[in-house]
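To start, the structure itself, in structure tokens.
Bear in mind that the values in this text are calculations on the coordinates, not laboratory data. Values in this document were obtained by computation on a predicted structure and should not be read as measured data. Here Cβ is always computed from backbone atoms with ideal geometry, including for glycine, and neighbour counts include all displayed protein chains.
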Amino acid sequence: MTSHGEPGKGPWRIIVNPASANGRTGRRWGRTAVLLRRLLPPFEADLTTAPQQAGELACRAAEQGVETIGIHGGDGTVNEVINGLLGGPVRQETVLALLPSGTGADLVRSLGLSHSLSRAAQQAAAGHPRPVDVCRAEFTGLAGGPCRRYFINVADIGFGGEVVRYVNSHSKRLGGRISFLIGLLATLACYPNKPIRVALDGQPPFEVRASSIVIANGQYFGGGMWVAPTARVDDGLLEIIVVGDVRRGEVLTNIPRLYRGTLAGHPKVQTFQAGKVLLESEAEVLIDMDGELVGRLPVCFEACPGKIRIRG
């Protein structure tokens, strides 16, 4: 579905995911479009009607020479767009503008952008494009075959992947933070920590029994959890947070650390920096990327410096 703005030089294309925010994005789009037309340059809008369509629409827009692609949805929609662009003939001058409307919206936190739609639109209209790193991952897909995907914010391996499986199979009407907390508590009741081999930048691997391993390009995930306060989206490096063999009670008592950004101070948490990370396990260990359950180990992560540009 496409709506046309006023004639003007270089119209933007906004990709809208009506299903994001538990369907609120679609229900509010009529009023939202009026607001955005006051704040943004002329634009055309494409509304998705199926999963993964955001990536196809972004790729088509880039092929048509659209210079700025706005994304009105959550972190999963941003992930789809990035994979669509990087999996196709992306044009170097294509710029993204984030217009948040999702359950978690953790990426805008990591980028220092506003959660307010009107303020985010003003930042996008007035801001200059900045280069931002992404991470390329090669792993085993849910169907069992080899897969390659990109993510821009955070991947969570192990416990976090199980949490995302729970959250995405239940209603998110209570919002991002509450939905993820409910998922965390439900998963905690039955999740066993698993042995994982970790190799950083080609060094000899070490093995840990881990609850979760977080690969962070950005700082926040899970609806506001400040998991990687020292991560930077433009330094060419990944932050690796290894949450070791913690017991259920330790997880519960340390939830506040996740929101305060002090998880690294726990004695069973290790942190590293690397440009390339290889994770392997004989156990089934799930992978979440930007809030989407995508597959299982083994996986190889590699930082891709300055791969995309974001306006703001």
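Within the range 134-306, the proportion of C-alpha pairs whose separation exceeds 28 Å stands at 14%.
Of the residues His115, His128, His266, His72, the one with the fewest other Cβ atoms within 10 Å heads the list, and the complete ranking is His128, His115, His266, His72. For the chain, the longest principal axis of the alpha carbon atoms and the long axis of helix 24-39 meet at an angle near 50°. Ser281 sits among other residues whose Cβ lies under 15 Å from its own Cβ, and their net charge, with Lys and Arg +1 and Asp and Glu -1, is -3. When the P(r) is computed for the range 2-127, the part past 26 Å accounts for 10% of the Cα-Cα pairs.
Helix 53-63 and the longest principal axis of the Cα set of the chain meet at an angle near 60°. Across the range 202-218, computed HN-Hα scalar couplings (Karplus, 6.51 cos²θ - 1.76 cosθ + 1.60, θ = phi - 60°) run x, 6, x, x, 10, 10, 9, 8, 10, 6, 7, 10, 9, 10, 10, 9, x Hz from first to last residue, x flagging Gly and Pro.
Which FRET efficiency value, to the nearest 0.05, is calculated for Glu63 and Val34 with the Förster distance at 25 angstrom and r the Cβ-Cβ distance?
On the way: r = 29 Å, r/R0 = 1.17.
The value I calculate is 0.30.
3J(HN,Hα) along the range 265-275: x, 6, x, 9, 10, 10, 10, 9, 10, 6, x Hz, from the Karplus curve 6.51 cos²θ - 1.76 cosθ + 1.60 with θ = phi - 60°, whole Hz, x for Gly and Pro. As a proxy for reagent exposure, Phe180, Phe272 were ordered by neighbouring Cβ count within 10 angstrom, fewest first; the result is Phe272, Phe180.
Of the residues Gly73, Gly88, Gly295, the one that moves most in a GNM of the chain with alpha-carbon contacts below 10 Å is Gly88.
Descending by average beta-carbon neighbour count within 10 Å, the peptides 204-211, 64-71 line up as 64-71, 204-211, the highest first. Report summary: the helix-based calculation at 222 nm, which adds -39500 (n - 2.57) for every DSSP H run with n ≥ 4 and divides by the residues of the chain, gives -8500 deg cm²/dmol.
Which cross-chain or sequence-distant (5 or more) residues have an amide H under 5 Å from the amide H of Ser20, H modelled 1.01 Å from N in plane? Amide H neighbours of Ser20, under 5 Å, 5+ apart: Thr25, Gly26. Whole-Hz Karplus values for the range 140-156 come out as 8, x, 5, 8, x, x, x, 9, 10, 9, 10, 9, 10, 10, 9, 10, 10 Hz, taken residue by residue from phi with 6.51 cos²θ - 1.76 cosθ + 1.60 and θ = phi - 60°; glycine and proline positions read x.
Can you tell me which of 32-43, 235-246 comes out highest on packing, and rank the rest after it, using the mean Cβ neighbours within 10 Å?
235-246, 32-43
Relative protection proxy for 46-54, 119-127, from highest mean packing down: 119-127, 46-54 (other beta-carbon atoms within 10 angstrom).
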